[in-house]
Amino acid sequence: MAKIALIPGDGAGIEVAASAKAAVKKLTPHHELVEFDYGADRYLKTGVGLPPGQLEEFRNDYDAILFGAVGDPRVKDNAHAREILLGLRFGLDLYVNFRPCKLLDDKLSPLKGKGKKEIDFVVFRENTEGMYNAIGGVFKKGTPDEVAVAEEINTRKGVERIIRAAFEYAKKQGKKRVAMADKSNAIGAHELWGRTFKEVAKGYEGITAKHYYVDAIAMQLVMKPEDFDVIVTTNLFGDILTDLGAALTGGMGVAPSASLNPESTPLFEPVHGSAPDIAGKGLVNPVAMLLTTALMFRELGDEKQAVALEGAIEAAVQAGKTTRDLGGALSTQAVTEDILSRT
């Protein structure tokens with residue numbers, strides 16, 4: 001039995017968390033699910049995103065965290081979202097952001113002549129360094145002399161462990177290609193990425209390692225997505241390329257993710273955000289959250305349940321039993337019920 005923390009969060013996160021809860025209860029009833037009310041409502045009352053000691057509790061007492069979404073226009077600059085979500089990622093040292101980009105049905109492809117056979121890759125995004133570290137600031141704000149500075153952090157440890165994780169995944173899954181994307185032709189610090197990539201690749205015979213500049217790989221993903229099995233890249237570039245990957249597979253409503261560290265408590269979340277404009281209307285696509293739940297099942301050792309859920313999702317999408325963003329007419333709850341009826 002695993003102990004799972006469920007954090008619905010805000011807006012659409014609350015709706016899709018209900019879908020995830022239903023999937024856990026049906027497919028893995030042996031797991032314990034504990035719900036936490038961390039989100040905008042609580043933050044507006046208390047001024048606290050994550051209470052003191054909560055990270056330690058998650059690290060020591062839980063096997064996984066299943067996360068909905070955070071973001072609320074009532075909270076200036078989404079301060080609570082950064083405290084909660086980035087707090088979990090950085091506090092638990094979840095250095096792998098794992099993003100599968102797999103087309104569920106040929107009709108969802110935006111690329112002419114490219115279907116399920118061609119669009120099936122994963123991205124390993126570095127998740128704890130890069131540009132998302134709040135190092136920098138603004139000087140003389142609002143004046144003609146205003147200066148804004150943001151610094152990027154790349155450490156040998158951080159770069160090597162995400163690259164090694166990508167190669168280990170390729171080796172385990174029988175994938176033959178690992179691509180790395182940086183911008184070392186314009187950013188000198190990215191030379192560390194290229195050098196480390198070459199050194200790590202030497203230890204993985206039979207896997208082709210290829211370096212790309214990030215603009216080139218973005219272009220190639222649109223022209224020939226079939227060229228890619230595993231992509232590894234920086235935090236910033238990974239954020240951008242995975243959204244491109246989502247677009248290639250049907251949009252943010254079908255994009256799952258996992259934030260991982262073999263020595264810490266993993267975090268699983270869809271990447272569509274809280275979508276306040278459609279939240280509470282039954283329009284939110286639960287597929288991303290259900291695919292994310294399948295990732296969690298697999299990480300917890302429930303492979304049979306993961307395969308069953310993924311197969312049911314694919315069957316539902318191919319049958320047109322979807323929300324409006326994928327061309328269907330069903331509500332969030334109706335899609336969830338249809339998918340779970342197929343498991």
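Going by the structure shown, is ALA20 in contact (Cβ under 8 Å) with a residue 60 or more places away in the chain and within 18 Å of THR336 (Cα to Cα)? Talk me through it step by step, then tell me what you get.
Details: in contact (Cβ under 8 Å) with a residue 60 or more places away in the chain: yes; within 18 Å of THR336 (Cα to Cα): yes.
In short, yes.
The listed residues are THR46, THR128, and the only one of them that is among the polar types (S, T, N, Q), farther than 27 Å from THR332 by Cβ, surrounded by fewer than 16 Cβ atoms within 10 Å (Cβ to Cβ) and not assigned by TED's automatic domain parsing to the domain that holds ILE240 turns out to be THR46. Which one of these does GLU118 not meet: (1) within 30 Å of ASP325 (Cα to Cα); (2) in contact (Cβ under 8 Å) with a residue 60 or more places away in the chain; (3) in a helix (DSSP H, G or I)? Of the numbered conditions (1) within 30 Å of ASP325 (Cα to Cα); (2) in contact (Cβ under 8 Å) with a residue 60 or more places away in the chain; (3) in a helix (DSSP H, G or I), the odd one out for GLU118 is (3).
The combined condition, being closer than 14 Å to LEU111 by Cβ and of a type in the set (S, T, N, Q), is not fulfilled by THR234.
Within region 177-205, work out how many residues are outside any helix (DSSP H, G or I) and either touching a Gly at 6+ places or on another chain (Cβ under 7 Å) or buried (at least 21 other Cβ atoms within 10 Å of the Cβ) (or both). If you could, list the steps in order and put the result at the bottom.
Filtering region 177-205 down to residues outside any helix (DSSP H, G or I) leaves 177-187, 202-205.
Next, only the ones that are either touching a Gly at 6+ places or on another chain (Cβ under 7 Å) or buried (at least 21 other Cβ atoms within 10 Å of the Cβ) (or both) stay: 178-182, 184.
Residues that pass the stated criteria total 6.
In region 165-199, the residue that is nearest to the chain's Cα centre (by Cα) out of those that are over 20 Å from ILE240 (Cβ atoms) and among the acidic types (Asp, Glu) is GLU168. A single entry from ALA150, ALA134 fulfils the requirement of being without any contact (Cβ under 8 Å) to a residue 40 or more places away in the chain and on the phi > 0 side of the Ramachandran plot: ALA134. When GLU32, GLU83, GLU57 are checked against the criterion of being in contact with a strand residue (DSSP E or B) (Cβ under 8 Å, 6 or more places away or on another chain) and surrounded by 12 or more Cβ atoms within 10 Å (Cβ to Cβ), GLU32 stands alone in meeting it. For region 213-233, the count of residues that are over 22 Å from LEU103 (Cβ atoms), outside any loop (DSSP other than H, G, I, E, B), touching a residue at least 60 places away in the same chain (Cβ under 8 Å) and under 18 Å from the mean Cα position of the chain (by Cα) is zero.
Residues in region 289-314 that are of a type outside the set (D, E, K, R), closer than 18 Å to LEU330 by Cβ and in contact with an Asp or Glu (Cβ under 9 Å, 6 or more places away or on another chain): MET289, LEU290, LEU291, ALA312. Evaluate region 241-260: report whether one residue or more is out of contact with any Gly (no Cβ under 7 Å at 6 or more places or on another chain), more than 27 Å from THR322 (Cα to Cα) and not acidic (Asp, Glu). Yes: one or more hits.
Of the residues making up region 275-305, just one is in contact with a helix residue (DSSP H, G or I) (Cβ under 8 Å, 6 or more places away or on another chain), without any contact (Cβ under 8 Å) to a residue 40 or more places away in the chain and under 13 Å from ALA2 (Cβ atoms), namely ARG298.
So that you can scan it fast, the table gives a plain yes or no per residue for (1) at pLDDT below 95; (2) over 30 Å from GLY87 (Cβ atoms); (3) surrounded by fewer than 24 Cβ atoms within 10 Å (Cβ to Cβ):
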| position | (1), (2), (3) |
| --- | --- |
| GLU226 | no, yes, yes |
| GLY251 | no, no, yes |
| GLY280 | yes, no, yes |
| LEU290 | no, no, no |
| ASP302 | no, no, yes |
| GLY328 | no, yes, yes |
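Could we say that GLN318 is polar (S, T, N, Q) and under 28 Å from LYS172 (Cα atoms) here? Here the answer is no, as GLN318 does not meet what is asked.
The values are calculated or read from the model by the stated rules, or taken from the named source; none is laboratory data. What you see is a predicted model, and the numbers here were worked out from it, not measured in a lab. Backbone-built Cβ (ideal geometry, glycine too); neighbour counts: all protein chains shown.
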